[in-house]
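The values are calculated or read from the model by the stated rules, or taken from the named source; none is laboratory data. Bear in mind that the values here come from a model prediction, so they are computed numbers and not experimental data. For neighbour counting, all protein chains shown are included, and Cβ atoms are generated from backbone atoms with ideal geometry for every residue, glycine included. All accessible areas refer to the heavy atoms of the entire protein, side chains included, with ligands and DNA or RNA removed. Shrake-Rupley method; radii C 1.70, N 1.55, O 1.52, S 1.80 Å.
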Amino acid sequence: AITGSILDKTGSIDLQVARVVIHNAGMYLRNNGGDTLASYGRSIALGTSGSNEENILIDGSSVDIRSGTTTLSSFGTDMTIGKTSGTNRNVFVDSNGNIDIKRGSQVSASFGTTTTIGPTSGQHVSIDSDSFDIKKGSEVSASFGTTTTIGPTSGDHVLIDNDSVDIK
């Protein structure tokens, strides 16, 4: 059956398998059980959003691939591939092209102006424009650059610069 009203700008088409519902804000495509398979309006949703059902949501800021309402990947100004909750692994690329590899919200490696490998709260490597540093948290254990230090400079260490090697 086809029903509708030109004055209300609404209508629907019932078929045996699917139903199209047109309304002021857009349009729905529903199965004969009433589940929305797709909606079109200010945003577009393709697929059902029930528990563990994959779908795609397109809005003014991003394209999201989801399981139910949980975002698995998001492509917008910034891009995230993978879940960001708990200890789930994900890759984040910001609008400047910096790339973070994460476990939940903790960064395991970051590639950008400064590159880090390993969580920065523990032992990790940091590479920037003037040095390669081996660190434990914020403390530098060794730094290789114009001046090289081996050992934390707050204690016993070796300092190598352009004209000397000093044991301190």
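Summarising the overall dimensions of segment 79-140 from its C-alpha atoms, the Rg and Dmax are 12.0, 35 angstrom.
The figure for Phe144 is an accessible area of roughly 90 square angstrom, using a 1.4 Å probe on the protein chains alone.
Annotation for Ile134 and Asn88: the two label points, set 7 Å from Cα along the Cα-Cβ direction, are 3.7 nm apart. Pair-distance distribution P(r) for segment 22-83, from all Cα-Cα distances in 5 Å bins starting at 0: 4, 19, 25, 24, 16, 8, 3, 0 percent.
Using a simple spin-label model with pseudo-atoms 7 Å out from Cα toward Cβ, Ile101 and Glu54 lie 2.4 nm apart.
How big is the dipole moment of segment 70-168 about its Cα centre under a simple scheme where the beta carbon of each Lys and Arg is +1, that of each Asp and Glu is -1, and everything else is neutral? Debye, nearest 20, please.
680 debye
Under 5 Å between amide hydrogens, built in the peptide plane, is the criterion, and for Ser73 it picks out Ile65, Gly82 among residues at least 5 positions away or on other chains.
Hey, what does the equivalent ellipsoid look like for the chain, semi-axes from the Cα gyration tensor as sqrt of 5 times each eigenvalue, largest first, whole Å?
59, 15, 8
In the assembled protein chains, Leu37 presents an accessible area of approximately 60 Å² (probe radius 1.4 Å).
With N as its number of residues, segment 126-168 has a Cα radius of gyration that, divided by 2.2 N^0.38 Å, comes to 1.10.
In the context of the full set of protein chains, residues of the chain present 65 Å² of accessible surface per residue (probe radius 1.4 Å, heavy atoms only).
Calculated from the alpha-carbon coordinates, segment 63-103 shows an Rg and a Dmax of 10.0, 30 Å respectively.
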